Amino acid sequence: MISAAAASESYVIETLPGYPGLLPFKLETGYIGVGEDEDLQLFYYFIESEGDPDKDPLILWMNGGPGCSGFTGLVYEIGPLNFNLSSYDGSLPSFILNPYSWTKIASIIFIDSPVGTGFSYTNSPEGYYRSDTKLSTDNHMFLRKWLLTHPSFLKNRLYMAGDSYGGKIAPMVAFEIAKGNEAGLQPWMNLKGYIIGNAFTDADRDGNYIVAYAHRMAIISDDYYEVAYTFPLFAGEDFKGYHCLFIFNLYVLVGVTPNAENEQPTVSKD
C-alpha cells in the first residue's frame, strides 16, 4: 500500500500572465513527494480533459533531455496553450489557444522529471543522482501517489507518453506499473499502453540511421546514400554520419565525396 505524501499539495490555476481573462480549461499544479522520506518533490501541471474527464483517458507526459520541463510539452507540443509568436515584440510573451491540443480528448499530467528539472527539487545532494531505472521508478511512484489524491481518475484508461528521451522512459514506467499491479501495489492502475514520439533509444544506433532516414525522406539522393555506405566510417556501429551531414538544414545541398588521402568522406556544399 502506498500512502499519499502529507507534503503533497496542489493548486488550481485560473489565470496566467500573458493570457487574457480566465483560462478556458482546468489547470492544476502541485508537488508529489517520492523517494526515501519523500525527499524528492516532483512538480507537475495537470490539465483536465475538455471533453469528458470522467471517461477520457489519463496520460502521463514525459519530455526529453533528460531535463526538459513538462512545460515544454504543455506550450510547444500537445498542450492547450501556444506562445503567440506572431505578435511578440520583446515584451511579456502572450499565449493563444492550441486548437489541436490533446487535452480536447484526454486529461494530461505534464511532469518535471527528473529532479532538478523545472520546479522539481530535492533538499539533499544525493537526491540529484539519477539513472534511467531510478527515473522510471520515481515516475511510477509519483503517479501512484497522484492517483491516491485524485481517486476519480483511477477508473480512467491510463497511458504513459513521451518524446525524445522521454520516449525511452515511457515504456520503462509502463513496465514498472505492470510489475506493481502484478505485485498487488495499491492503488491498482488501469494501464492500457504507452505512446512514444521520436524516441531516443541508443545514441550510436539512432545516429547510424540518420542517413537511411534522410534517404527515405528524399533529403539526399540515391547516389549520396550509396556513397555514404562505401566508406568504413559509415559502416555498422562505427557510423557517425551525423557528424558529417547537415541533415537538419533542408536548404543546403550537401554532398559526400571521398577524400583521396585517407578515403574518409568529406562534406561539400557545392
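The values are calculated or read from the model by the stated rules, or taken from the named source; none is laboratory data. As the structure is a computational prediction, the values presented were derived from the model and not from experiment. For neighbour counting, all protein chains shown are included, and Cβ atoms are generated from backbone atoms with ideal geometry for every residue, glycine included.
List the number of the failed condition for Ser86; all other conditions in (1) in contact with a Phe, Trp or Tyr (Cβ under 8 Å, 6 or more places away or on another chain); (2) not in a loop (DSSP other than H, G, I, E, B); (3) not β-branched (Val, Ile, Thr) hold.
Exception for Ser86: condition (1).
Just the residues that are exposed (fewer than 14 other Cβ atoms within 10 Å of the Cβ) and in contact (Cβ under 8 Å) with a residue 24 or more places away in the chain, please, taken from segment 187-204. Break it down stepwise before answering.
Filtering segment 187-204 for residues exposed (fewer than 14 other Cβ atoms within 10 Å of the Cβ) gives 188, 192-193, 198, 201-204.
Result: Trp188, Lys192, Gly193, Asn198, Thr201, Asp204.
Looking at Phe175, Phe142 in this structure, which one is under 17 Å from Asn63 (Cβ atoms) and part of a helix (DSSP H, G or I)?
Details: Phe175 fails: under 17 Å from Asn63 (Cβ atoms).
Just one listed residue meets the conditions, Phe142.
Could you please give the count of residues in segment 185-217 that are under 23 Å from Phe142 (Cβ atoms) and either among the hydrophobic types (A, V, I, L, M, F, W, C) or out of contact with any Asp or Glu (no Cβ under 7 Å at 6 or more places or on another chain) (or both)?
Here is the first cut: in segment 185-217, the residues under 23 Å from Phe142 (Cβ atoms) are 185-197, 199-200.
The next check asks that each one be either among the hydrophobic types (A, V, I, L, M, F, W, C) or out of contact with any Asp or Glu (no Cβ under 7 Å at 6 or more places or on another chain) (or both); those that pass are 185-196, 199-200.
Residues in segment 185-217 being under 23 Å from Phe142 (Cβ atoms) and either among the hydrophobic types (A, V, I, L, M, F, W, C) or out of contact with any Asp or Glu (no Cβ under 7 Å at 6 or more places or on another chain) (or both): 14 in total.
When only residues in segment 21-73 that are aliphatic (A, V, I, L, M), under 21 Å from the mean Cα position of the chain (by Cα) and at pLDDT 95 or above count, which is surrounded by the fewest Cβ atoms within 10 Å (Cβ to Cβ)?
Filtering segment 21-73 down to residues aliphatic (A, V, I, L, M) leaves 22-23, 27, 32, 34, 40, 42, 47, 58-60, 62.
Next, from what is left, pick out any that are under 21 Å from the mean Cα position of the chain (by Cα): 27, 32, 34, 40, 42, 47, 58-60, 62.
Among the residues that remain, those that are also at pLDDT 95 or above are: 27, 32, 42, 47, 58-60.
Working: Leu27: 20, Ile32: 28, Leu42: 31, Ile47: 27, Leu58: 26, Ile59: 26, Leu60: 28.
Here the answer is Leu27.
Looking only at segment 76-96, which residues are in contact with a Ser or Thr (Cβ under 8 Å, 6 or more places away or on another chain) and at pLDDT below 90?
Result: Ser87, Tyr88.
Can you list residue pairs whose Cβ atoms sit under 9 Å apart, with the first residue in segment 214-229 being acidic (Asp, Glu) and the second being surrounded by 14 or more Cβ atoms within 10 Å (Cβ to Cβ)? Count only pairs 6 or more apart in sequence or on different chains.
Listed by first residue and then by second, the contacts come to Asp222/His215; Asp223/Gly255.
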